[in-house]
Amino acid sequence: MRTDIAIDLGTDTTRIFKNKRIALSKPSAVAIDNIRGVGVVYGSDARAMIGRTGDRISAVSPIERGTVADFESAQMLIKQYISDVSGKKMIRPRAFVAIPGGTTAVQQRSVMDALESAGARNVCLVESPLAAAVGLGVDFSTPRGVTIVDIGKGTTDIGVLSMGGLARCESIKLAGEDFDTAIARYVRREHNIDIGILTAEKIKKSIGCVMPRPLDVGLYMNGLSVYSGLPESFEITTEEVYSIMLPIAEDIVKAIRGVFDRTPPEMVADTAEDGLYLIGGSANVYGMSEFLSKNLKVKVITPEEPTECVIKGLGGAMENITILKNGDYRYTSLEDLVIE
Ligand SMILES: Nc1ncnc2c1ncn2[C@@H]1O[C@H](COP(=O)(O)OP(=O)(O)OP(=O)(O)O)[C@@H](O)[C@H]1O
Ligand SMILES: [Mg+2]
């Protein structure tokens, strides 16, 4: 029986591909019983507990900025999610795993280690823009450059592909969560109200934008007064949120330009003609594709399901072994890695 799986361990969401479909898509969050040292709650329920637990339980996000930040909790999360998709008949699977571009050997080891100690037999690490290109079904076998920009929660990954592989791949630590922290900071400073990061994210998703919206609307939310420490509601408007989010979007553009500067000019010229593919959850930010198009002066192509390209591509590559033909990508285990 086939046991291979593909995993995209995102800062926001863990996605698993198995048996030709996305078998799991759950928040990368776990609540741990500190006395027993075991994970007790996973996924959305654990995420809702972040910032709300007492001494006995701690709720954490094991993945930060696209890499393993807390080894033990990452291992618990992966183990739980692999068993969720495998049922009782779990045979140690081989795993295709997405990693951000430009990760260090130490970060790669840590992902492999977490996967292996969670039960994976062998692991094949694939940079997420390459997986995304497979998922999008774009032809990157020719010398013509194809550019993918993946704006997730913790990282923005930029990959330029040609001749069947990555010509340039970088990961910037600036993405969706930076909008949330900026909104929370602003509300504290301007409204004297403390809000959690989940409330800030809700504000972003409902009225956030990086291009002006046609109508300025207000949203009422609750937080804690900085002065009284008591619950208080406040109103925040589209225009305010636009002014908070705009500088971050501008920084993302600057970073993408920086990557273009380090990419062979011919390939950047191809992107100027053909456009770039924008994926990741933050592609859903109102005005994001228009903003990138205006500031980078390229056409921006957004697929219907921007958060699924990486996992679909990983799964596709795993099943057709398209990228395994390239010697850089093969199943290995920690034992095979040379320690320098
Ligand atoms: N409608 C929306 N409007 C604004 N932001 C959104 C929307 N939907 C999702 N997001 C943001 O997208 C981000 C999650 O994207 P995604 O699922 O691609 O992240 P990830 O793959 O888990 O993280 P990463 O790749 O950075 O490790 C979150 O920051 C979330 O707030
Ligand atoms: Mg991602």
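Exactly one condition in (1) surrounded by 17 or more Cβ atoms within 10 Å (Cβ to Cβ); (2) more than 23 Å from Ser25 (Cα to Cα) is not met by Thr181; state its number.
All conditions pass for Thr181, except number (1).
Which of (1) buried (at least 16 other Cβ atoms within 10 Å of the Cβ); (2) modelled with pLDDT of 95 or more; (3) within 14 Å of ligand 1 (Cβ to nearest atom); (4) closer than 30 Å to Gly223 by Cβ does Ser44 not meet, given it meets every other one?
(1)
Does any residue of region 316-326 turn out to be on the phi > 0 side of the Ramachandran plot and either within 16 Å of ligand 2 (Cβ to nearest atom) or aliphatic (A, V, I, L, M) (or both)?
The answer is yes, given that some residue of region 316-326 is on the phi > 0 side of the Ramachandran plot and either within 16 Å of ligand 2 (Cβ to nearest atom) or aliphatic (A, V, I, L, M) (or both).
Taking region 299-340, which residues are of a type in the set (A, V, I, L, M) and either closer than 24 Å to Ser289 by Cβ or part of a helix (DSSP H, G or I) (or both)?
Val300, Ile301, Val310, Ile311, Leu314, Ala317, Met318, Ile323, Leu324, Leu334
Within region 256-267, take every residue that is more than 12 Å from Arg144 (Cβ to Cβ) and outside any loop (DSSP other than H, G, I, E, B) and give me the one that is farthest from ligand 2 (Cβ to nearest atom).
Across region 256-267, the extreme among qualifying residues is Pro265.
Just checking, how many residues over region 159-207 are over 30 Å from Thr142 (Cβ atoms) and among the hydroxyl-bearing types (Ser, Thr, Tyr)?
The qualifying residues number 4.
Going residue by residue through region 3-14, is there one that turns out to be touching a Phe, Trp or Tyr at 6+ places or on another chain (Cβ under 8 Å) and assigned to a loop (DSSP other than H, G, I, E, B)?
yes
With the condition kept exactly as written, say whether any residue in region 223-239 is in contact with a Gly (Cβ under 9 Å, 6 or more places away or on another chain) and within 16 Å of ligand 1 (Cβ to nearest atom).
There is at least one residue in region 223-239 that is in contact with a Gly (Cβ under 9 Å, 6 or more places away or on another chain) and within 16 Å of ligand 1 (Cβ to nearest atom).
Where residues in region 271-288 are under 18 Å from Ser128 (Cα atoms) and part of a helix (DSSP H, G or I), which of them is nearest to ligand 2 (Cβ to nearest atom)?
Result: Gly281.
Give me a count of the residues in region 52-79 that are within 16 Å of ligand 1 (Cβ to nearest atom) and surrounded by fewer than 17 Cβ atoms within 10 Å (Cβ to Cβ).
Counting residues in region 52-79 that are within 16 Å of ligand 1 (Cβ to nearest atom) and surrounded by fewer than 17 Cβ atoms within 10 Å (Cβ to Cβ) gives 1.
Could you tell me whether Asp84 is surrounded by fewer than 18 Cβ atoms within 10 Å (Cβ to Cβ), touching a residue at least 60 places away in the same chain (Cβ under 8 Å) and either charged (D, E, K, R) or within 16 Å of ligand 2 (Cβ to nearest atom) (or both)?
yes
Can you find a residue in region 166-186 that is more than 30 Å from Lys299 (Cα to Cα) and either touching a residue at least 12 places away in the same chain (Cβ under 8 Å) or touching a Lys or Arg at 6+ places or on another chain (Cβ under 9 Å) (or both)?
Yes - at least one qualifying residue is present in region 166-186.
Would you mention how many residues in region 15-48 are part of a strand (DSSP E or B), within 16 Å of ligand 2 (Cβ to nearest atom) and of a type outside the set (Val, Ile, Thr)?
Looking only at that region, the number is 6.
Contact list please: Cβ distance under 6 Å, first residue in region 116-135 and modelled with pLDDT of 95 or more, second residue of a type in the set (D, E, K, R) and assigned to a helix (DSSP H, G or I), pairs at least six apart or on different chains.
Filtered contacts from region 116-135: Gly135/Lys312.
Residue-by-condition table, conditions (1) crowded, with 23+ Cβ neighbours inside 10 Å; (2) within 16 Å of ligand 1 (Cβ to nearest atom):
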residue: Ala95; (1), (2): yes, no
residue: Val106; (1), (2): no, no
residue: Arg121; (1), (2): no, no
residue: Ala133; (1), (2): yes, yes
residue: Pro143; (1), (2): no, no
residue: Gly152; (1), (2): yes, yes
residue: Asp157; (1), (2): yes, yes
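Give all pairs with beta carbons closer than 6 Å in which a residue from region 191-215 that is over 16 Å from Tyr242 (Cβ atoms) and loosely packed, with under 15 Cβ neighbours inside 10 Å meets a residue that is at pLDDT 95 or above and among the charged types (D, E, K, R); count only pairs at least 6 apart in sequence or on separate chains.
Hits for this filter: Ile197/Asp180.
For region 289-315, what are the residues that are hydrophobic (A, V, I, L, M, F, W, C) and either at pLDDT below 95 or within 16 Å of ligand 2 (Cβ to nearest atom) (or both)?
Cys309, Val310, Ile311, Leu314, listed by residue number.
The values are calculated or read from the model by the stated rules, or taken from the named source; none is laboratory data. Given the structure is predicted, the values throughout are model-derived calculations rather than measurements. Because the Cβ atoms are built from the backbone with ideal geometry, glycine has one as well, and the counts that use them run over all protein chains shown.
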